[in-house]
Structures are given as C-alpha cells and as structure tokens.
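Structure record follows, encoded as structure tokens.
What follows is calculated from the coordinates using simple rules that are stated; it is not laboratory data. What you see is a predicted model; the values in this text were computed from it and never measured. Don't worry about glycine lacking a Cβ; one is built from the backbone with ideal geometry, like all the others, and counts go over all protein chains shown.
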Amino acid sequence: MNFFKNIIKSTVILVLGVVLFSCEKRLNKIQNKSKVSYLPVSIAENINTRHTDSGRLTSILESPKMINFSNRKFPYYQFPDGIDLTLLDDSNQESVVIANSAVIYNNTDLIDLRGNVVLTTATNDTLFTDQLYYDQKKEWLFTDFPVKFRTKDYLTNGNGFDANQDFTNAQVLEVTGRIYIEE
C-alpha cells in the first residue's frame, strides 16, 4: 500500500513540476519580450504636417499631440487630444475636419476620426457625426454612424454617409429625416 502511495505522490509531484516549469517558461518568454515593442516610437507635440501628391498640396494635419506606434505589427499614429485636418481638392478648395481624437493606420491609409466630428466643405456644407473614416488612397469619406448633414437647402439626418473628397458625390445613407431650410 505504501508503495502505491509513493508512486501516486511521485506522479503528482512530477506533474506539478512539469506544469510549474512550463508556466515559468511561458512567463519568462512574456517577461523577456522587449518591453520597448509596447511603447511608442515617439511622441510629438504641436504638430503641423503637410502632405503633397505630385507636387500638389493635398492635406494639412494639425494636432496638439501625436503618438507614433509604427513599431507594431499593424502600425498606426494616434492623436488622443484632437485633430484638425484640411483636405484640398484639385482646385485648392478646402474642406476642414475636426475631431476629438484620431488614428491613422499606416498599412491601410485609413484615418479613423472619433468624437464630435465636424466636417465643413468649401461650399459650407457641414457634416456632424461621432465617427468618420477617411480613405487617403481613394480620397473617400464614409461612416455607418448616425449623421446630420446640412447643405444650403436641407438638413438631413441618417445612419451613414459616403462622399468623395470634394463632395461632388455625397449622400446620407438610411435617411431618417429631411428638413427644407428657407432663408
């Protein structure tokens, strides 16, 4: 009987030892991973960046703070304290977007604007929403969040929005209300 108890004790101790060792190895791997990879590459304050395409100014980005996470598997830049983005079309007409925060994803060239997003076009059309994406490659703005879109003649509410950068092709999706504005 003692022999079986010793075998069971030895087996339990061996199993516990293997489990503890394997956990310790995983813990060491996690601890030994470079902590630097979790930290941002850089933090910039009071930035003012201009983007050109073929010698033409296409956008101006201003923000109180930018955090660079380009060291991640899916690299991005974060703007936690707000953003002011000016988009210029081919005839240098300006549309301005402001938001409480933003993230620019390097691999997809998407800008994710969040919190009190207000977009004002060169013709004074204004879009209000809580989230708006800007695809820099396609020069396209879109969201599936509730929106209010004010033009010269109408105030339109809906759930979603699509537009090209110069707003010659803009539409509110899933319209929930439309009010004619008389001057």
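So if we plug the beta-carbon distance of Lys73 and Tyr154 into 1/(1 + (r/R0)^6) with R0 = 41 Å, what FRET efficiency do we get, rounded to 0.05?
0.40
Could you tell me which residue out of Thr52, Ala102, Thr176 lies farthest along the dipole of the stretch 26-183 toward its positive end? Charges go on the beta carbon: Lys and Arg +1, Asp and Glu -1, centred on the Cα centre.
The residue sitting most towards the positive pole is Ala102.
So which GluC sites (Glu not before Pro) in the stretch 44-115 end up in coil per DSSP with only 13 or fewer other C-beta atoms within 10 Å?
In loop regions of the stretch 44-115 (DSSP not H, G, I, E or B), there are no sparsely surrounded GluC sites (Glu not before Pro).
At 1.567 mPa s and 4 °C, plugging the Kirkwood radius over alpha-carbon pairs of the stretch 35-80 into Stokes-Einstein gives what diffusion coefficient in µm²/s?
Working: Rh = 11.9 Å.
The diffusion coefficient I find is 109 µm²/s.
Tell me, what are the semi-axes, in whole angstrom and largest first, of the equivalent ellipsoid of the stretch 27-183 as set by the roots of 5 times the Cα gyration tensor eigenvalues? Before the final figure, lay out each step's value.
Values: eigenvalues 222, 67, 34 Å².
Equivalent ellipsoid semi-axes, largest first: 33, 18, 13 Å.
Decide, for the stretch 62-114, between rounded, prolate and oblate: order the square roots of the alpha carbon gyration tensor eigenvalues as a ≥ b ≥ c, take rounded if a/c falls under 1.5, and otherwise choose prolate if a/b is larger than b/c, else oblate.
Values: a/c = 2.74, a/b = 1.56, b/c = 1.76.
Since a/c reaches 1.5 but b/c is at least a/b, the shape of the stretch 62-114 is classed as oblate.
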